[in-house]
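To keep things clear, I will list the structure first and then write my remarks on it.
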Amino acid sequence: MGLDIALPENLDEVVAGYKECWPLIPMLHGRLAKMADKAAIRTCAKRLGMLTRQNGRLGVRFDHELEAEVFQDYLIHMYRPRGFSLVRQLYNRKVYPEKSLEQELLAGMVQARFSVFWIGALYPDKGCSALDIISGEQLFILDQTLPQQDAYGLLAAFRVFPFRGVWAHTGANMVLGKIEDITGLQPLGRVLDDRHERELNEENVRRWRMLLAEQG
């Protein structure tokens, strides 16, 4: 089963803009992570089962090199004291000019949502189509790496944000399995509120870490 997604006529232009912006995303993530205090880091580590104590000191334990990126993604988006994520806080401060690429990315990232996706058609050097199995929405997601892999049918959990009429993802990708045929797959048809989105994020981090441990 494929996904019937209408690609925008200006997709090549959007992809070019995405390639220009992509190097800025890790920079923004690094700046956002530095805004987190010890309480934020400990709270998120506890929620994700990554909190550890060594010699009487609390810290964060990563059992796999990929976990650091997933933790950072959760930290900057899901830790929301007084209802404001670190992404929202940086966007609101307007430290970047209004029409800058950085501020454009932050404007999209404050609308980011976490979900579980089935990866459909692959478009080399552009991205992929995907089915959100929570909401049932079909999306085109900009990506440079998935189309280079055997990614068709992957079931993966990650966070997407709107970018110039399509979607991009924040980079922290958790592969949960592979489904070649989704004919019998029924999306939940739900739009999650903040609490349920956070719970979905946490549930899938735990599931993914268990898979990593099983793979050794």
Those helices (runs of 4 or more DSSP H) lying entirely in the stretch 4-60 with at least 1 residues closer than 27 Å to Asn204 by Cβ and among the hydroxyl-bearing types (Ser, Thr, Tyr): 11-21, 38-47
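Condition test on Arg206, is it in contact with a helix residue (DSSP H, G or I) (Cβ under 6 Å, 6 or more places away or on another chain) and either under 21 Å from Arg159 (Cβ atoms) or of a type in the set (D, E, K, R) (or both)?
Spelling it out, it is not the case that Arg206 is in contact with a helix residue (DSSP H, G or I) (Cβ under 6 Å, 6 or more places away or on another chain) and either under 21 Å from Arg159 (Cβ atoms) or of a type in the set (D, E, K, R) (or both).
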Hits in the stretch 166-213 (condition: touching a residue at least 12 places away in the same chain (Cβ under 8 Å) and of a type in the set (Gly, Ala, Ser)): Ala168, Gly171, Ala172, Gly177, Gly189, Ala213
In the stretch 117-128, the residues that are in a strand (DSSP E or B) and surrounded by fewer than 21 Cβ atoms within 10 Å (Cβ to Cβ): Ala121, Leu122, Tyr123
Contacts under 6 angstrom Cβ, first residue in the stretch 77-89 being at pLDDT 95 or above, partner surrounded by fewer than 19 Cβ atoms within 10 Å (Cβ to Cβ), 6 or more apart: Met78/Arg198; Tyr79/Ala40; Leu86/Met35; Val87/Val110; Arg88/Val110
In the stretch 129-147, residue surrounded by the fewest Cβ atoms within 10 Å (Cβ to Cβ) [restricted to those that are of a type in the set (Ser, Thr, Tyr) and in contact (Cβ under 8 Å) with a residue 24 or more places away in the chain]: Ser135
Residues being surrounded by fewer than 20 Cβ atoms within 10 Å (Cβ to Cβ) and touching a Phe, Trp or Tyr at 6+ places or on another chain (Cβ under 6 Å) - total across the stretch 148-165: 1
Members of the stretch 91-106 that are among the aliphatic types (A, V, I, L, M) and either in contact with a helix residue (DSSP H, G or I) (Cβ under 6 Å, 6 or more places away or on another chain) or under 14 Å from Thr170 (Cβ atoms) (or both): Leu101, Leu105, Leu106
The stretch 166-216: number of residues that are among the small types (Gly, Ala, Ser), at negative phi, surrounded by 13 or more Cβ atoms within 10 Å (Cβ to Cβ) and assigned to a loop (DSSP other than H, G, I, E, B): 1
Residues of the stretch 54-76 that turn out to be at pLDDT 95 or above and of a type in the set (Phe, Trp, Tyr), as a count: 2
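The values are calculated or read from the model by the stated rules, or taken from the named source; none is laboratory data. Predicted model, so just to flag it, every value in this text is computed and none were measured. Here the Cβ is made from the backbone with ideal geometry for all residues, glycine too, and neighbour counts use every protein chain on show.
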